[in-house]
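**Q** Below: one structure in structure tokens.
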């Protein structure tokens with residue numbers, strides 16, 4: 001199995017990100033984020049050169065979340081736009097192709113300078 005190590009630095013946090021987190025949703029974009037989505041997005045400076053997969057880990061400020069499922073389009077939009085929706089509700093039905101589904105856990109505080117990483121052992 002190939003290893004994955006990807007670290008993203010948060011450069012901006014939209015003013016409505018906290019509302020999205022209350023719904024168990026985190027939306028990532030790189031600096032190509034459309035203006036009308038900036039308020040709900042966590043903007044980062046990273047680039048996705050490898051696909052993420054079920055079983056990988058997402059780490060936000062040191063807190064680990066297990067990835068349960070990666071939608072069919074998620075890796076494509078991550079590599080092109082640094083974008084995907086991350087669902088932290090522990091869903092077992094996967095109907096959104098651009099979404100990455102994770103175990104149900106509270107999303108930690110995110111601010112400019114926070115680190116979001118993806119790891120595969």
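The values are calculated or read from the model by the stated rules, or taken from the named source; none is laboratory data. In this text the structure is predicted, and so the values were computed from the model without any measurement. A quick note on method: Cβ atoms are made from the backbone with ideal geometry, for glycine too, and the neighbour counts reach across all protein chains shown.
**Q** Answer yes or no as to whether residue 108 is at negative phi and touching a residue at least 24 places away in the same chain (Cβ under 8 Å). Full working, then the answer.
**A** Numbers: at negative phi: yes; touching a residue at least 24 places away in the same chain (Cβ under 8 Å): yes.
When the stated conditions are applied, residue 108 passes them.
**Q** So, of the residues in region 84-95 that are buried (at least 16 other Cβ atoms within 10 Å of the Cβ) and at pLDDT below 95, which turns out to be nearest to residue 47 (Cα to Cα)?
**A** The qualifying residue nearest to residue 47 (Cα to Cα) is 94.
**Q** Something else about it: Give the residue that is nearest to residue 45 (Cα to Cα), with candidates limited to residues of region 1-34 that are in contact with a strand residue (DSSP E or B) (Cβ under 7 Å, 6 or more places away or on another chain) and part of a helix (DSSP H, G or I).
**A** Out of the qualifying residues, it is 17.
**Q** Only residues that are in contact with a helix residue (DSSP H, G or I) (Cβ under 8 Å, 6 or more places away or on another chain), surrounded by 13 or more Cβ atoms within 10 Å (Cβ to Cβ) and farther than 16 Å from residue 114 by Cβ: list them for region 40-54, please.
**A** Once the filter is applied, which keeps residues that are in contact with a helix residue (DSSP H, G or I) (Cβ under 8 Å, 6 or more places away or on another chain), surrounded by 13 or more Cβ atoms within 10 Å (Cβ to Cβ) and farther than 16 Å from residue 114 by Cβ, region 40-54 yields 40, 48, 51, 52.
**Q** Residue check: is residue 102 surrounded by fewer than 17 Cβ atoms within 10 Å (Cβ to Cβ), at pLDDT 95 or above and either in contact with a strand residue (DSSP E or B) (Cβ under 8 Å, 6 or more places away or on another chain) or within 14 Å of residue 48 (Cβ to Cβ) (or both)? Quick ask: steps written out before the conclusion?
**A** Working: surrounded by fewer than 17 Cβ atoms within 10 Å (Cβ to Cβ): no; at pLDDT 95 or above: yes; either in contact with a strand residue (DSSP E or B) (Cβ under 8 Å, 6 or more places away or on another chain) or within 14 Å of residue 48 (Cβ to Cβ) (or both): yes.
The answer is no for residue 102.
**Q** Looking only at region 20-38, filter to residues that are without any contact (Cβ under 8 Å) to a residue 40 or more places away in the chain and surrounded by 13 or more Cβ atoms within 10 Å (Cβ to Cβ); which one of those is nearest to residue 109 (Cα to Cα)?
**A** The qualifying residue nearest to residue 109 (Cα to Cα) is 20.
**Q** Evaluate region 66-83: report whether one residue or more is at pLDDT 95 or above, assigned to a strand (DSSP E or B) and in contact with a helix residue (DSSP H, G or I) (Cβ under 7 Å, 6 or more places away or on another chain).
**A** No, every residue in region 66-83 fails to be at pLDDT 95 or above, assigned to a strand (DSSP E or B) and in contact with a helix residue (DSSP H, G or I) (Cβ under 7 Å, 6 or more places away or on another chain).
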